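Visitor: The structure is given below, and queries will be raised subsequently.
No value in this document is a laboratory result; all are computed from the given coordinates. Note that the structure is predicted; figures quoted are calculated from it, not measured. Glycine gets a Cβ as well: all are built from the backbone with ideal geometry, and neighbour counts include every protein chain shown.
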Amino acid sequence: MDALELDFGLPLRSFRLELALALGRETFALVGPSGAGKTTVLRVVAGLVKPERGRVSLGDDVLFDSALGIDVAPEDRRVGFVFQDYALFPHMTVEQNVSYGARGRTAELLERFRIAHLARARPGELSGGERQRVGLARALAREPGVLLLDEPLSALDPHTRAALRLELSELLDELDLPVLLVTHDFHDAAVLADRVAALADGKVRQVGTPSDLIAAPADAFVASFTGANVLAGVARPGAGGLTEVELDGGGVVYSVDEAVGDVEVAVYPWDVSISRELPRDSALNHVRGPITSLVVLGNRARVQVRGLVGEVTAASAERLALREDDVVMASFKAAATRLVEQAQTTAGR
Amino acid sequence: MRRRRLFDVAIAGATAVALTFLLLPLVAIFLRVPLGELVSQLGSGVAVDALVVTLETNAIAQALILLVGTPTAYFIATRRFRGRALAITLVELPLVLPPAVAGLALLAAFGRLGLLGSTFDVLGVTVSTGTKTAVILAVAYVASPFYIRGAIASFESLDQPLLDASRTLGAGPARTFGRIALPLAAKGLGAAAALSFARGIGEFGATIMFAGSLQGVTQTLSLAIYAQFDLDFDVALSLGALLVVVCAAILFTVKLLPAWTRSSSTSVYPFAPSGSS
């Protein structure tokens, strides 16, 4: 199998990047905040950065092995690299860009990526989406054994981004080779990737499917990165088999997870409901306070109450006539909480 | 209100004085002798000889500067090595060195009795005072830093991801240099070469110290002006006028080059440091 296997370490500015990953013919996303070492991982695979120790192999090809003294030059690796902002050659036409490193015929690729009509255009004349397609076509023209994508959507405006995310997702599904992409946006990763690794301070915190990470975040960093509210507190066994968490900011939260000592409570915004009165449902946890921020995004409204973000439909926000500074109740079930280890990262949000 | 007006008048006045001071001598060259006279003086033997010597030596010197300076600049711009800052400083040293000292230093190194003088003789190259080779060396010595410095800046301003992309697309370092770095830096290199050319054309101090002033052999335009200064002032003036025109043309070329770069550039990539996340 043409699997990409990495196991390497190298010192970066303020921490050490240590990584061991194996991926088959799948799309694998490295997610993490800026400065977590994500791009460096791609540069190591491409041969643009030399690790201090370790081994990188693609199928039977050993690309790097510190013990054997192997370090294949970038131009001799079967690696397709789509750079952040695509790095198209500005002095060449689209066709010249795509054929620059091509092994096979480029005409077919231009057709496949719907850029044949732009063959004579220069990168400066292209839209963001067209540039992305040229960047992908150029990388694939080399018939690589692995495709690397560095923040493939970050150069785009929000409107184009949503459309291209789907387009890219379909395209990656068609490819029959390992794809390693990095992004700081968990949502992008969730749409594009089969598996995700959360990276912070040069270490992988958790590997799994996007839904694994949401359902059971390994620690507070992963929880926060996947979009959860994270509240610090001290846990102790409570009544009815539940765990009682005394929050550092005051108040008590009940959870079905078991834990003792310093923990963080993770709860996703879509599990937090907002009401004017104490709701008559099964929710055990209530936080009462003024709305500190209210943001409507399409058909959803994000409401912040004392550091806790809840997501309700825009319609119900309207029906409740929510305004900033209104005192409301944010409620969530004990079953909707996850107790996770406290984050030990400097690179978190 | 009145004070502000006074200030405006003061700075405008200073500007007028400065511009007049800088332009007046140049205009005077052309006003002193009728234009027809200026042109006809250029036909004199001294003038033609000086023009030929200047063009010949500068053409060779600039070719050498481009040939050796371009890879040097690329190396310094794209590699990180111990002593890099020192290398850049050494390149810049001839810029601040008095030309007379440069001439003296060249004499000490390449003159017949100098450090390498005998070595050059063995190679069949006669360098010593009174040869064109000496003029070429003097010009290359004082002018090359202008080119190398500008070329380093052009190569440094290239987007590193473009060079990286070329490598990942199967191009080795040499092909990346030829097909990506060189074309993208070409306009900056052109501007740097024009400055170096201007410096070389006007070279005086190092040449007169090292190569001497022999008509038809080492006497360049600048040296001829100095020689004719006492003999025939009109010839000196016409040679001066010629140099003013040539230098002005070079300056305009340099000013126009970056404008072309901006208008025809299709690069949309913001600067991205190679060490990002």
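Visitor: When all alpha-carbon pairs of the range B:1-110 are counted, what percent fall beyond 19 Å? Working shown, then result.
Guide: Numbers: 4512 of 5995 pairs.
When all Cα pairs of the range B:1-110 are counted, 75 percent exceed 19 Å.
Visitor: May I pose another question? To the nearest 20 debye, what charge dipole does the range A:229-349 have about its Cα centre, counting +1 at the Cβ of each Lys and Arg and -1 at the Cβ of each Asp and Glu? Spell out each step's value before the answer.
Guide: Numbers: 12 positive and 16 negative charges, 80 e Å.
I would put it at about 380 debye.
Visitor: Quick check on the range A:4-220: take the gyration tensor over C-alpha atoms, sort the square-rooted eigenvalues as a ≥ b ≥ c, and tell me if it's rounded (a/c under 1.5), prolate or oblate.
Guide: Values: a/c = 1.89, a/b = 1.30, b/c = 1.45.
Oblate, since a/c reaches 1.5 and b/c is not below a/b.
Visitor: Neighbour counts of other C-beta atoms within 10 Å: give me B:ILE88, A:ILE214 arranged from fewest to most.
Guide: Details: B:ILE88 15, A:ILE214 19.
Least to most surrounded, the residues fall as B:ILE88, A:ILE214.
Visitor: Still on this structure, please answer the following. When a footprinting reagent is the concern and you count Cβ atoms within 10 Å, what order do B:ILE208, B:ILE136 take, fewest first? Before the final figure, lay out each step's value.
Guide: Numbers: B:ILE208 21, B:ILE136 24.
By the 10 Å Cβ count, ascending: B:ILE208, B:ILE136.
Visitor: Please report, ordered by residue number, every helix of chain B (full DSSP H runs) that is 18 Å or longer along its axis going by C-alpha atoms and whose mean Kyte-Doolittle hydropathy reaches 1.0. Could the numbers behind the result be given before it?
Guide: Values: long enough: B:2-32 (43 Å, 1.23); B:45-78 (48 Å, 1.40); B:84-96 (19 Å, 1.65); B:132-156 (34 Å, 1.10); B:182-201 (27 Å, 1.15); B:233-264 (46 Å, 1.58).
Length and hydropathy pass: B:2-32, B:45-78, B:84-96, B:132-156, B:182-201, B:233-264.
Visitor: How big is D, in µm² s⁻¹, for chain B by Stokes-Einstein at 4 °C and 1.567 mPa s if Rh is the Kirkwood radius over C-alpha pairs? Numbers along the way, then the final one.
Guide: Numbers: Rh = 21.6 Å.
So the translational diffusion coefficient is about 60 µm²/s.
Visitor: Still on this structure, please answer the following. Distance in nm between label sites at B:ALA63 and A:ARG319, each 7 Å beyond Cα in the beta-carbon direction?
Guide: Those two pseudo-labels are separated by 8.7 nm.
Visitor: Right, another one. Let me make sure I get this right: for the range A:221-340, a, b and c are the square roots of the gyration tensor eigenvalues over alpha carbons, sorted descending. Under 1.5 in a/c it's rounded, otherwise prolate if a/b > b/c, else oblate. Which is it? Could you put the intermediate results ahead of the total?
Guide: Numbers: a/c = 2.07, a/b = 1.70, b/c = 1.21.
Prolate.
Visitor: So what is the relative contact order for chain A, in percent, with contacts set as C-alpha pairs under 8 Å and at least six apart? Walk me through the numbers on the way to the answer.
Guide: Details: 780 pairs, mean separation 56.5, N = 349.
It comes to 16 percent, rounded to a whole number.
Visitor: While we're on this one: Restricting attention to the alpha-carbon atoms of the range A:81-173, what are Rg (one decimal) and Dmax (integer), both in Å?
Guide: Final numbers for Rg and Dmax: 12.1, 35 Å.
Visitor: Is the range A:204-265 best put as rounded, prolate or oblate by its Cα gyration tensor, with a ≥ b ≥ c the root eigenvalues, rounded for a/c under 1.5, and otherwise prolate when a/b is larger than b/c, oblate when not?
Guide: Working: a/c = 2.50, a/b = 1.80, b/c = 1.39.
Judged from the Cα gyration tensor, the range A:204-265 comes out prolate (a/c at least 1.5, a/b above b/c).
Visitor: Let me ask another. Go ahead and estimate [θ] at 222 nm for chain A from helices alone: -39,500 (n - 2.57) per DSSP H run with n ≥ 4, summed, over the residue count, rounded to 500. Can you show the working numbers first?
Guide: Numbers: 9 runs with 77 residues, N = 349.
Roughly -6000 deg cm²/dmol at 222 nm, from the helical runs in chain A.
Visitor: How high is the relative contact order of chain B, in percent, counting Cα pairs under 8 Å that sit 6 or more residues apart?
Guide: In percent, rounded to a whole number, it is 27.
Visitor: Using the Cα centre of the range A:129-173 as origin and beta-carbon charges of +1 (Lys, Arg) and -1 (Asp, Glu), tell me which of A:PRO152, A:ALA137, A:ALA162 is placed farthest towards the positive end of the dipole.
Guide: Of the candidates, A:ALA137 comes out farthest on the positive side.
Visitor: Can I ask one more? Tell me, B:LEU93, A:LEU10 in order of fewest to most beta-carbon neighbours within 10 Å? The partial results should precede the final answer.
Guide: Working: B:LEU93 11, A:LEU10 18.
Least to most surrounded, the residues fall as B:LEU93, A:LEU10.
Visitor: Next question. Can you give the Rg and Dmax of the protein assembly as shown based on its C-alpha atoms, in angstrom?
Guide: 34.8, 115
Visitor: Percent of Cα-Cα pairs per 5 Å bin, from 0 to the last occupied bin, for the range B:131-172, please list those.
Guide: 5, 19, 14, 13, 12, 11, 10, 8, 6, 2
Visitor: Counting partner chain Cβ atoms within 10 Å of every residue's Cβ in A:76-89, what's the average? Please report the intermediate quantities before stating the final value.
Guide: Values: counts 3, 3, 1, 3, 2, 6, 2, 9, 6, 6, 4, 11, 7, 11.
Mean shielding count: 5.
Visitor: State the Cα centre-to-centre distance between the range A:73-116 and the range B:195-215 in whole Å.
Guide: With the range A:73-116 and the range B:195-215 each reduced to a Cα centre, they are spaced 49 Å.
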